[in-house]
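Everything on this sheet refers to the single structure shown next.
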Amino acid sequence: MQFDTNGILKLDFVLITHNHSDHIGGLSYLLEQNNIKVGTLYINKYYKNDISAKLLSSDKQTNYKTYTSENNKKYVTQNQQRYNAVISLMKQRHQNDTTNFNIHYLTAKDDVRRSDGGLKNFKLGNYDIKLYNTRQQLKSSKIDYNGFDSGNCLNEYCRNADGNVNTVVAKVTSNVNGINHTALLTGDLNYSLLLGVTKAAGKVAVFKMPHHGYLTVNKVRGTTKTNIRNSLKNSIGSKTIVVVTNKASTFSQRTTMGMLYTTKTLGKTPYYTGGNNGTDGKTIVIDFAKTNLNVEYN
């Protein structure tokens with residue numbers, strides 16, 4: 001990322017973890033600014049079989065009503081509109097500047113764990129970036145991961161996979177002045193899929209808790225206390241800095257299994273983008289040029 005002599009801010013690339021409006025919405029604003037360029041956008045294609053994870057139920061008939069509800073149609077439509085705006089703006093600006101505003105649609109081969117082809121890793125200055133979970137999970141042959149019989153899907157709003165399961169995870173390895181650190185940025189991935197990622201990624205210096213620290217043990221099919229614990233302990237070590245994109249006060253009741261395990265069992269006090277004092281709008285700054293990492297709030 002750099003400014004040129006004409007005051008143009010050049011972003012080498014933008015990586016969208018998944019196409020929910022709270023993760024992609026701000027990009028269309030940036031693309032509307034003439035003084036901002038984007039080299040390449042790395043993104044998954046958007047599909048309509050999506051729903052907000054917070055609306056899920058263990059009863060598949062309740063899920064079906066949710067899938068076909070007006071609220072979910074609005075949710076799906078909003079995500080689709082934000083995605084369409086970003087893709088349209090990227091293509092428009094590429095026409096006028098063919099060296100920038102390129103789009104790389106991520107596929108299964110871009111997962112670093114795959115041996116065949118794809119985007120194995122890419123660099124940003126002194127940082128190497130490797131991607132996991134780039135495969136789009138759209139449907140299963142019998143039952144989706146929330147227990148809904150796919151054969152009963154009667155319209156386009158009956159989903160097979162929440163968009164969060166398609167979250168792209170990035171492992172960032174720094175080499176600044178010969179000092180190496182790693183960070184694992186987990187987006188909104190659920191614990192069942194995170195387990196395989198952290199097993200491959202190993203221990204890291206900085207770990208971002210998945211899905212803003214949310215996702216209780218009974219929310220997702222196949223998610224158990226054991227795989228929540230394993231998915232976290234694979235990457236969180238004794239010196240790992242744990243970051244949560246949420247308020248500390250949100251978890252005062254300790255109702256979320258991942259947060260409970262992190263704080264009570266692993267003994268880690270997370271850092272919150274809301275600030276440990278509960279103040280909104282804080283930015284966490286970690287200087288990777290230092291041998292001993294620490295956190296500052298900006």
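Values computed for the structure shown
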| read-out | value |
| --- | --- |
| The stretch 87-111: number of residues that are of a type in the set (Lys, Arg) and either touching a strand residue (DSSP E or B) at 6+ places or on another chain (Cβ under 6 Å) or open to solvent by 70 Å² or more (accessible area, probe 1.4 Å) (or both) | 2 |
| Filter result for LYS130 (open to solvent by 40 Å² or more (accessible area, probe 1.4 Å), among the charged types (D, E, K, R) and in contact (Cβ under 8 Å) with a residue 24 or more places away in the chain) | yes |
| Of all residues in the stretch 164-209 being in contact with a helix residue (DSSP H, G or I) (Cβ under 7 Å, 6 or more places away or on another chain), open to solvent by less than 20 Å² (accessible area, probe 1.4 Å) and not in a loop (DSSP other than H, G, I, E, B), the one that is nearest to ASP287 (Cα to Cα) | LEU184 |
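The values are calculated or read from the model by the stated rules, or taken from the named source; none is laboratory data. Please read these numbers as outputs of a predicted model, since none were measured by experiment. With ideal geometry, Cβ positions are generated from the backbone for all residues, glycine too; neighbour counts draw on all protein chains shown. Please note that ligands, DNA and RNA were not included when accessible areas were found on the heavy atoms of the full protein model with its side chains. Shrake-Rupley method; radii C 1.70, N 1.55, O 1.52, S 1.80 Å.
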